[in-house]
1. Quick one: is GLN65 modelled with pLDDT of 90 or more and touching a Gly at 6+ places or on another chain (Cβ under 7 Å)?
2. Please state which of the following conditions SER207 fails to meet, knowing it meets all the rest: (1) of a type in the set (Gly, Ala, Ser); (2) free of Cβ contacts under 8 Å to residues at least 24 places away in the same chain; (3) in a helix (DSSP H, G or I); (4) more than 27 Å from SER49 (Cβ to Cβ).
3. Assuming GLN267 fulfils every condition listed in (1) in contact with a strand residue (DSSP E or B) (Cβ under 8 Å, 6 or more places away or on another chain); (2) under 30 Å from ALA91 (Cα atoms) apart from one, which condition is it?
4. Can you tell me how many residues in the range 65-88 are part of a helix (DSSP H, G or I) and surrounded by fewer than 16 Cβ atoms within 10 Å (Cβ to Cβ)?
5. Quick one: how many residues across the range 213-237 are touching a His at 6+ places or on another chain (Cβ under 9 Å) and within 16 Å of ALA306 (Cα to Cα)?
6. Give me a count of the residues in the range 50-64 that are crowded, with 16+ Cβ neighbours inside 10 Å and part of a loop (DSSP other than H, G, I, E, B).
7. Which members of the range 143-187 meet the condition of being touching a residue at least 40 places away in the same chain (Cβ under 8 Å), of a type outside the set (A, V, I, L, M, F, W, C), touching a Leu at 6+ places or on another chain (Cβ under 9 Å) and not in a strand (DSSP E or B)?
8. Determine, yes or no, whether PRO77 is of a type outside the set (D, E, K, R) and under 18 Å from the mean Cα position of the chain (by Cα).
Amino acid sequence: MNAPVMSLTTILAAFVSATAVSATESGPACATALSAPVEFRISHQNSPSSPIHPHLEKVVDLVAQETNGKISLAIFPNAQLGGEMQALEQAAFGQNIIFYTTAGALATAGVPSFSVLNGPFLTGSLEEAQKLEASDIVASMESDLAKNGNLRVLALNWFDSPRSILGHKGYATPDELAGTKMRVPEAPAYLRTFELLKSPPMALPFSELYLALQQGVVDAAEGGIDGMANANLMEVADTVTVTDHFRIFYGFAMSEDLFAALPEPCQKVMADAFATEGASYSAQMDSITTKRIEDLKASGTKFVAADHEAYRQATEGFYTLFPEWPEGLVDQVRAAMK
């Protein structure tokens, strides 16, 4: 795909008559308010064969249909427009890019409170995560992000299934996990969590994990069950401990300057499309993981139930490690899920 990179001036020139629009339906009202078609680029790091890509294609179709073609979206997979942080920086500087992101990445753009959403054992179910994402406390973070980071969150409800631990044996309790060399992504939330669990974290590239498990460089790895199975990791480690330690808040964001310049009905069309498909994607990922577990059990992979309460208590110290968080943030976040 070779979609043109539209300048801010070009895009803004199409945004006219916004205040004059009084139509009740956002799609037709958006089409009326735009004097010329506009195009946005969607960036994500996964392949076109990943589960997320078809849902983005549905977003593209929905927005085009709702706006009678006035807003078109072009998808750039495989990090063609840069990785997550590169895309975030481009958007913050006003570039035409809608990027796939995490709460942890958004926390680096002037709103450190977002990193609380990366905390271990924060949400007990998809329903709790969705309730938190729709809460006033997260809406307040998003408002601060628009002011402080020039970024607008379109939706933050693209949840993968929660993450578990794959190893050569089970780790039903934190005591059993202590001393285990654990491969984790190179991100503060992962490193700090497994340090609290006394499991030395090793930030190896995922591409090296198969050999690392096979050769004993690491004893275990944390990750999503479906993703680890896709990488054939169960060939070299045969036991999954179902800890559900993280359910990552993924979503899409863009330049606040460009979003604010859109007529209000167009803003609603964009946000609604990403939120609708985010909910659909999240439900699909839970179903995919359930089916994957059944298949893995049938092929001989062992599954061990974790003592979630013991793990939660062992990692509670995570929520005291961020002096930059406003007082009472953790209590507010937990209250939002009740």
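1. No, not satisfied.
2. Among (1) of a type in the set (Gly, Ala, Ser); (2) free of Cβ contacts under 8 Å to residues at least 24 places away in the same chain; (3) in a helix (DSSP H, G or I); (4) more than 27 Å from SER49 (Cβ to Cβ), SER207 violates only (4).
3. (1)
4. Quick first cut of the range 65-88, residues part of a helix (DSSP H, G or I) only: 65-66, 84-88.
Remaining after also requiring surrounded by fewer than 16 Cβ atoms within 10 Å (Cβ to Cβ): 65, 85-86.
Summing the residues that are part of a helix (DSSP H, G or I) and surrounded by fewer than 16 Cβ atoms within 10 Å (Cβ to Cβ) in the range 65-88 gives 3.
5. Qualifying residue count for the region: 2.
6. Residues that pass the stated criteria total 1.
7. Result: GLY149, SER161, PRO162, HIS168, TYR171, PRO174, THR180.
8. Working: of a type outside the set (D, E, K, R): yes; under 18 Å from the mean Cα position of the chain (by Cα): yes.
Considered against the rule, which asks whether it is of a type outside the set (D, E, K, R) and under 18 Å from the mean Cα position of the chain (by Cα), PRO77 comes out as yes.
The values are calculated or read from the model by the stated rules, or taken from the named source; none is laboratory data. All of these numbers come straight from a predicted model, not from anything done at the bench. Neighbour counts run over all protein chains shown; Cβ positions are idealised from the backbone, glycine included.
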